[in-house]
Amino acid sequence: MAKASTEQSGPRHVAIIMDGNGRWAQMRGRPRLFGHHAGAKRVREIVEACPDAGVKFLTIFAFSTENWKRTQSEVSGLMSLFQRYITGEAKALKENGIRVRFIGDRMRLATKLVDLMDDLELMTSDNDRVHLTVAINYGGRDEVARATKRLAQDVADGKLKPANVDEETLPKYLDTHVLPDPDLVIRTSGEARISNFLLWQSAYAEYDFLDTLWPDFSAEEFHKVVSRYGKRERRYGGVKA
């Protein structure tokens with residue numbers, strides 16, 4: 001468990017549940033995919049705002065394991081949007097020092113999309129200015145289940161002793177094993193739930209639930225939310241000295 005801290009520093013790792021694209025579009029009399037396209041454009045602005053905000057790691061929730069329940073046209077449109085976004089942003093991401101990673105179960109994704117994801121990860125692997133992690137076909141429970149299967153296999157193969165399994169063991173099998181846990185989780189659109197996002201990793205994260213719909217979430221508001229974090233006292237279960 002992390003030690004108590006009273007340092008008033010900003011968050012190093014921010015995770016965002018980018019909610020409200022569909023409602024944003026419907027309020028304007030447009031189809032939901034119009035909102036998703038607007039939301040994708042917003043991602044670049046927030047990524048570019050990270051260095052000045054002191055944020056080294058940014059993780060965004062792009063598509064959940066539950067999102068397959070949406071209409072076929074919306075799901076297909078989102079998958080096409082992901083491909084276009086990767087293709088269109090790859091050069092800028094590399095040149096701006098952004099390292100990109102993807103988390104989630106890739107088995108259900110189209111081969112073309114997975115290939116683009118792999119290529120972008122490799123292309124940006126030497127970058128270190130900002131670490132952008134995109135969660136696609138991701139669910140916190142699914143991630144823990146997949147990690148547990150890998151852990152159990154290592155036990156069965158004799159690579160790991162059951163007696164040595166503790167709360168420090170499982171994170172090594174999670175999709176995020178190379179990342180620090182998020183310090184701050186932001187959700188836009190007025191909903192106050194975590195929606196199966198980074199369940200294990202966010203055990204001690206601060207949360208900020210905003211009424212702003214994602215396509216309206218500006219770099220200025222991002223800076224304000226990050227600044228508010230620095231005024232919070234994080235005790236990690238301890239008490240103030």
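The values are calculated or read from the model by the stated rules, or taken from the named source; none is laboratory data. Being a predicted model, the structure only gives us computed values, none of them experimental. Please note: Cβ atoms are built from the backbone with ideal geometry, for glycine as well, and neighbour counts cover all protein chains shown.
Listing for the model above:
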{"quantity": "Counted residues, the range 145-167 - those being under 21 Å from the mean Cα position of the chain (by Cα) and not small (Gly, Ala, Ser)", "calculated": "2"}
{"quantity": "Residues of the range 105-127 satisfying the condition of being outside any helix (DSSP H, G or I) and within 17 Å of the chain's Cα centre (by Cα)", "calculated": "ASP105"}
{"quantity": "Which listed residue is within 23 Å of ILE186 (Cα to Cα), of a type in the set (Lys, Arg) and in a helix (DSSP H, G or I), from ARG84, ARG141, ARG150", "calculated": "ARG141"}
{"quantity": "Enumeration of residues in the range 89-144 that are crowded, with 16+ Cβ neighbours inside 10 Å, free of Cβ contacts under 8 Å to residues at least 60 places away in the same chain and of a type in the set (Gly, Ala, Ser)", "calculated": "ALA90"}
{"quantity": "When residues of the range 54-68 are limited to those that are crowded, with 20+ Cβ neighbours inside 10 Å and of a type in the set (A, V, I, L, M, F, W, C), the one farthest from PRO11 (Cα to Cα)", "calculated": "PHE63"}
{"quantity": "Residues of the range 20-61 satisfying the condition of being of a type in the set (D, E, K, R), in a loop (DSSP other than H, G, I, E, B) and under 19 Å from ALA135 (Cα atoms)", "calculated": "LYS56"}
{"quantity": "Some residue of the range 73-88 being at pLDDT below 95 and either crowded, with 16+ Cβ neighbours inside 10 Å or touching a Phe, Trp or Tyr at 6+ places or on another chain (Cβ under 6 Å) (or both)", "calculated": "no"}
